[in-house]
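Trainee: Here it is: the structure, laid out below.
The numbers here are math on the coordinates, done by the rules we state, and not lab data. Predicted, not measured: the structure shown is a model, and the values here were computed from it. Counting neighbours? That spans all protein chains shown, and the Cβs are built from the backbone with ideal geometry, glycine included.
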Amino acid sequence: MPPILEARDVTRRYRVGSGDVDAVRGVSLTVDAGEFVAFMGPSGSGKSTLLHLLGGLDRPTSGDVVLDGELVSRLSDDAATRLRREKTGFVFQFFNLIPLLSVWENVALPFTIAGEDARHGEPADAVRAALASVDLDGKERHRPDQLSAGEQQRVALARALVRHPALLLADEPTGNLDFSTGTEILDRLWSSCHEGGQTVVLVTHDAKAAAYADRVYVMHDGSLRDEIRLGRREDHGAGQLIARLADLGL
Amino acid sequence: MRALDALARRTLVARPLRTILTIAGIALGVGVLVAALVLNAGLDATAERSVRDQLGRTDLRVAAFEERGLSAASLGALATTPGVAIVAPELERRTYPVAGPGSGAGLPVPVTLVGIDPAADAALHDRPLAAGSPLPLAGGDVALVSDALARADGLAVGGTITLNGSAASGPRAFRISGVLAAVPGDPDPAGRSVIVPLGAAQSLVGTDSVSRADVGLAPGGDVTAVIASLERRLTSEPYTLSTPGDLIAALRASTADFRATIALVAALALFGGAFLIFNTLAMTVAERARDIGLLRAAGMTRRQVTVLVLISAVHLAVAGVVLGLAAGIGLAALVTALFTPGGGVLGIRELVIPPAGLVLGAILGFGVTIAAALEPALRASRISPVAALTARLEQTAVLRARLRWLTLVFAVVGVAGLALWPGAGEGSAGLARPLAVYGMLLGVTLVSPFLVGPLGTLVGALARPFLPVEERLTRSTLVRDPSRTALTVGALSVALAVLVALGGVAATTRRAATAWLTDVIPGEAVLTSIRPVALDEPQLADLAAVPGVARISPIGRFAVSVGGRRLDAAAVVGADLLADGRLVLSEGDRAGALPALDAGGAAILPAAVADRLGIPLGGSLQVLAGREIVALRVVGIAARTIPGSSGEAVLVGWRDATQRLGVLGADVFAVRYAPGQAAPATAALAPVARAMALEPASLEALAGTIGASVDRLFALLTALAAVALIVAGLGIVNTLTMNVLERVRELGFLRAAGLTRRQARRLVMLEAAVLGAVAAIIGVGAGVLAGVILAALGAGPGVTYDPGWGSIVLALVGGVGLAVVASAWPATLAARLEIVRAVQYE
Ligand SMILES: Nc1ncnc2c1ncn2[C@@H]1O[C@H](COP(=O)(O)OP(=O)(O)O)[C@@H](O)[C@H]1O
Ligand SMILES: [Mg+2]
């Protein structure tokens, strides 16, 4: 099976004041379809920047990113946008829901953007199913500010899932949540991967979250420092990962 | 306090665009208000100066009522009246100069001939010369020509000017001894006047009487005493007396409509300005709720928060008022420059800056700004630190409350502003219009939140087939928050409403002027004469004999004295009006009344005159003619009659006019063409008319300068409305930009989820287009409504409202266009948005 994601010597350089900062430097990696991969690392190590590059939100200063066979780093903005629309779903730390829209309308946005009317037919069924899968049935008419933080993040997750994108990208999705609501989100991501066959790329600084992954990359100063293979496990216990990190002196 | 002030300054500087817009809003309101006050003062000063130019040091003007003028006997009586020191008689006539050999065919341009007594005249009037010397005291065939005439006809000192006189005297040549300096107040409408010694003028036109006499009183003389003794002594002819004070008051009264309109525009500008100020201040507070919450958490008291917002408002007010005062004076100077050359009723000849007006403008500017800032200031103080930190502000409820407050501010501003308006107490009718329109705009602002939802959906539906994605995203955001949308479109819809209202009123006024004339003149064209043409002149038959001419109906306009007051009158052929179907009587029987005019002893009164004199149908109108009083039976009352020089004319038959009221002939001939013959007959009539010194004119020319000054006035008002529109456009740029900035995260997510740059751009532009269309629809509706109210309060009965389709189309296209243009910058912001930054940080 060809990899769904591939990074080839990717560097992202920011100009800060008079000097340059390499937020990501010389990263090469592959992610196979159906894998659950996590990026760990301290704050400022370049995790978010790398995730944005992998999802086609940003463009590397040098190197290439291949998303589902397409050289996304060389595509025009429009082409990259269309590729994102078809292949990816994003979940952010700060939910990024649209406050004026209802829960239903927020979840239906990917259809709206794709020019499909989500009030009827198959798209409507998909919205309903996505909401049910995050246990939000009955809250369709609520507005985001009427929901708890955990519920808001579940809306954002349902929105990312609604069109069954091949690749789910999540940046600290549990960063603003308490432990138990965080766990609900991670469980849902894991089942999309394990049962739905979707690929999940998760950025986190929390070992308990990273423990859901099949593989964990450890980032440091913009580079991949280590790769820890955990394999697929049903229990998500963080013990093994914590032990391996300790072995690495982290 | 000082720390708060520094903080307030910081926040203003941090958002330069918004700060500038708020200042522009205040400046607009204050500027137009001050301009209006300056213009008002200018009109007053002009009235005084025009009278001074005309009368010089005259204390009392005695004017003849009839064309026969004041006799030598009257002048003698005048001179011997106790208290009278100087009597300066003048004879004024229009005549044609004899064209020089070089001039082309056709009639030369007429001149106004003024005969004066050089010695007496010099005591009362200054007639500065540009060249040459004054008239010799001895008299003779010597002339002073006006600067305009000298230029136009190539005359110079030492040359001659030959003038046509009466049939008996024939043309006569005058040696030009001087050219008058160009000063305002020339008796000729085109500034073409010729001043000659009285005796020479009298023998030229074949009369021994004069048109008027200007009187200078002896030192310590009392005008009232002189007037009283004149009433006993001057008995040979009817006359009118006017003092400089009377004339100034009359001139001022004639500009009442213009002033009322200026007040209206000022009210509208104030409304628009207040709206803009309130809008921006309220938005600033809503946007900074979080910061304010943090300040509260850090220990700032509610009171300090209120003071903080108010200090910002004071800064804005100071800048806005200063700018507004300067802009207002500039605007007034511009208008003055624009209106000076035309002169006439609406002439404004000098820029007078009334200190009280500047103070009023400044007070209102400050007041409105502070009033508009009060609600946001109080609201800011009520922001709880907790609510701000958890970012859970109920925006919709906030905006509802705002709208309620807005109503109060506007009501107070409207009433206070109009109550303080100079002279507001005198004419309640003048004040009714601005108040009605103000109230209507307020109503529109209040109901528009309920309209924007449905209207937005409706307009959006039009875009759906072309931009389905953008339309769906737009609809959800616009419709979701109608209060905010209403505030955004408010300024634009108010500006458009003003534009449409002015367009409608202009169109209706113009229509009224024309409708009036077609209703009362028994013809589709007129021929005018500068001298009365006696009805028995044989050439008149030639006119009627021109092929294609169905009827020529003579009209003689003159003045009568009724109860010591001057009234316009016109002699008409009743049978012609009857046959032509002209003249609508509100009381009386047309078929009986019109023939009764021709039979004699009867008159038809304009409704306005009947009301003023309190004469009912069947009553008697007592007209002073010579030494006796002629009684005319009122056989009809008409809504509208033929326009005279200062009002509508009392209609009488020719028999009465010539035999009892001293009318010498007709000065207007109404021409009715045979059906379908208008074009050839007009051409055939022209040479015949010219041979009789008759000039073809349009019907509107009869109504004097009404049409032209209406057009000029409304062009000016439209320009002001356009200024308001520009400010409204800036307001939209502001709100749309704020929309984009506030929604950076949303847009960031939409882009991440697959919205292309072009779609993001089109999303913002479509939003703007929908807002513009909604504003245009509301604005046009409100404007038509306001126009109907204005027209109902202003125009006479029976005039149907003409909405002025041009301005409606302009408002619709302009509203949408302006909004789309205004969205260019925010749309670019949206398209250029860096997704990564937008989604990442809070
Ligand atoms: N737009 C930017 N401009 C300049 N520096 C940036 C920008 N975005 C990120 N960085 C820098 O790149 C580095 C990596 O940032 P980021 O990828 O957000 O780290 P992480 O997500 O691991 O906390 C940091 O040092 C950050 O300051
Ligand atoms: Mg990060």
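Trainee: Inside region A:12-118, counting only strands (runs of 3 or more DSSP E) that do not spill past its ends, which hold 1 or more residues that are over 30 Å from residue A:143 (Cα atoms) and away from ligand 1 (no atom under 16 Å from the Cβ)?
Mentor: Working: elements: A:19-32, A:36-40, A:62-67, A:88-91.
In region A:12-118, A:19-32, A:36-40, A:62-67 are the strands (runs of 3 or more DSSP E) which contain 1 or more residues that are over 30 Å from residue A:143 (Cα atoms) and away from ligand 1 (no atom under 16 Å from the Cβ).
Residue-wise test of (1) touching a strand residue (DSSP E or B) at 6+ places or on another chain (Cβ under 9 Å); (2) of a type in the set (Phe, Trp, Tyr); (3) closer than 30 Å to residue A:250 by Cβ.
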residue	(1), (2), (3)
A:55	yes, no, yes
A:92	yes, yes, yes
A:97	no, no, no
A:110	yes, no, no
A:116	no, no, no
A:124	no, no, no
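Trainee: A further question on this structure: Take the conditions charged (D, E, K, R) and away from ligand 2 (no atom under 16 Å from the Cβ) and apply them to residue A:12. Does it pass?
Mentor: Answer is no for this residue.
Trainee: Determine which member of the set A:103, A:91 is more than 12 Å from chain B (Cβ to nearest Cβ), crowded, with 22+ Cβ neighbours inside 10 Å and in contact with a Pro (Cβ under 8 Å, 6 or more places away or on another chain).
Mentor: On the way: A:91 fails: more than 12 Å from chain B (Cβ to nearest Cβ).
Exactly one of A:103, A:91 is more than 12 Å from chain B (Cβ to nearest Cβ), crowded, with 22+ Cβ neighbours inside 10 Å and in contact with a Pro (Cβ under 8 Å, 6 or more places away or on another chain), namely A:103.
Trainee: Right, another one. Every residue in region A:118-146 that is within 14 Å of chain B (Cβ to nearest Cβ) and over 21 Å from residue B:750 (Cα atoms), please.
Mentor: Result: A:120, A:146.
Trainee: I'd like the full set of residues that are farther than 21 Å from residue A:170 by Cβ and not polar (S, T, N, Q), limited to region A:73-88.
Mentor: A:74, A:75, A:77, A:78, A:79, A:82
Trainee: In the set B:619, B:614, B:588, B:600, which member is free of Cβ contacts under 8 Å to residues at least 24 places away in the same chain, at positive phi and not basic (Lys, Arg)?
Mentor: Among B:619, B:614, B:588, B:600, only B:614 is free of Cβ contacts under 8 Å to residues at least 24 places away in the same chain, at positive phi and not basic (Lys, Arg).
Trainee: Oh, and also: Could you pull out the residue among A:76, A:43, A:48, A:28 that is under 25 Å from residue A:230 (Cα atoms) and within 12 Å of chain B (Cβ to nearest Cβ)?
Mentor: On the way: A:76 fails: under 25 Å from residue A:230 (Cα atoms); A:43 fails: within 12 Å of chain B (Cβ to nearest Cβ); A:28 fails: within 12 Å of chain B (Cβ to nearest Cβ).
Checking each option against the conditions leaves just A:48.
Trainee: Please find, among B:766, B:771, B:790, the residue that is buried (at least 24 other Cβ atoms within 10 Å of the Cβ), within 14 Å of another protein chain (Cβ to nearest Cβ) and over 30 Å from residue A:93 (Cα atoms). Lay out the reasoning, then the answer.
Mentor: Details: B:771 fails: within 14 Å of another protein chain (Cβ to nearest Cβ); B:790 fails: within 14 Å of another protein chain (Cβ to nearest Cβ).
Checking each option against the conditions leaves just B:766.
Trainee: Oh, and also: Any idea how many residues of region A:26-44 are within 16 Å of ligand 2 (Cβ to nearest atom) and over 20 Å from residue A:204 (Cβ atoms)?
Mentor: So the count comes out to 0.
Trainee: May I ask you to verify whether residue B:73 is touching a helix residue (DSSP H, G or I) at 6+ places or on another chain (Cβ under 6 Å) and either crowded, with 21+ Cβ neighbours inside 10 Å or not in a strand (DSSP E or B) (or both)?
Mentor: When the stated conditions are applied, residue B:73 does not pass them.
Trainee: Name every residue in region A:173-201 that is within 12 Å of residue A:157 (Cβ to Cβ), within 16 Å of ligand 2 (Cβ to nearest atom) and of a type in the set (A, V, I, L, M, F, W, C), in order of residue number.
Mentor: A:177
Trainee: Out of the residues in region A:53-69 meeting the condition of being within 16 Å of ligand 2 (Cβ to nearest atom) and touching a residue at least 40 places away in the same chain (Cβ under 8 Å), tell me which one is nearest to residue A:86 (Cα to Cα).
Mentor: Here is the first cut: in region A:53-69, the ones within 16 Å of ligand 2 (Cβ to nearest atom) are A:53-55, A:57-58.
Among the residues that remain, those that are also touching a residue at least 40 places away in the same chain (Cβ under 8 Å) are: A:53-55, A:58.
Working: A:53: 17, A:54: 15, A:55: 12, A:58: 17 Å.
Here the residue is A:55.
Trainee: Inspect region A:193-210 for any residue being away from ligand 1 (no atom under 16 Å from the Cβ), over 29 Å from residue A:2 (Cβ atoms) and either within 14 Å of another protein chain (Cβ to nearest Cβ) or crowded, with 17+ Cβ neighbours inside 10 Å (or both) and give the result as yes or no. Even if it seems obvious, please write down each step before you answer.
Mentor: Filtering region A:193-210 down to residues away from ligand 1 (no atom under 16 Å from the Cβ) leaves A:193-200, A:208.
Filter once more, keeping what is over 29 Å from residue A:2 (Cβ atoms): A:208.
In the following step, the residues that additionally are either within 14 Å of another protein chain (Cβ to nearest Cβ) or crowded, with 17+ Cβ neighbours inside 10 Å (or both) were identified as A:208.
Scanning region A:193-210, I find at least one residue that is away from ligand 1 (no atom under 16 Å from the Cβ), over 29 Å from residue A:2 (Cβ atoms) and either within 14 Å of another protein chain (Cβ to nearest Cβ) or crowded, with 17+ Cβ neighbours inside 10 Å (or both), so the answer is yes.
Trainee: So, in region B:173-183, how many residues would count as being touching a Ser or Thr at 6+ places or on another chain (Cβ under 7 Å) and not polar (S, T, N, Q)?
Mentor: Of the residues in region B:173-183, the ones touching a Ser or Thr at 6+ places or on another chain (Cβ under 7 Å) are B:173-178, B:180.
Then drop every residue that is not not polar (S, T, N, Q), which leaves B:173-176, B:178, B:180.
Residues meeting the conditions: 6.
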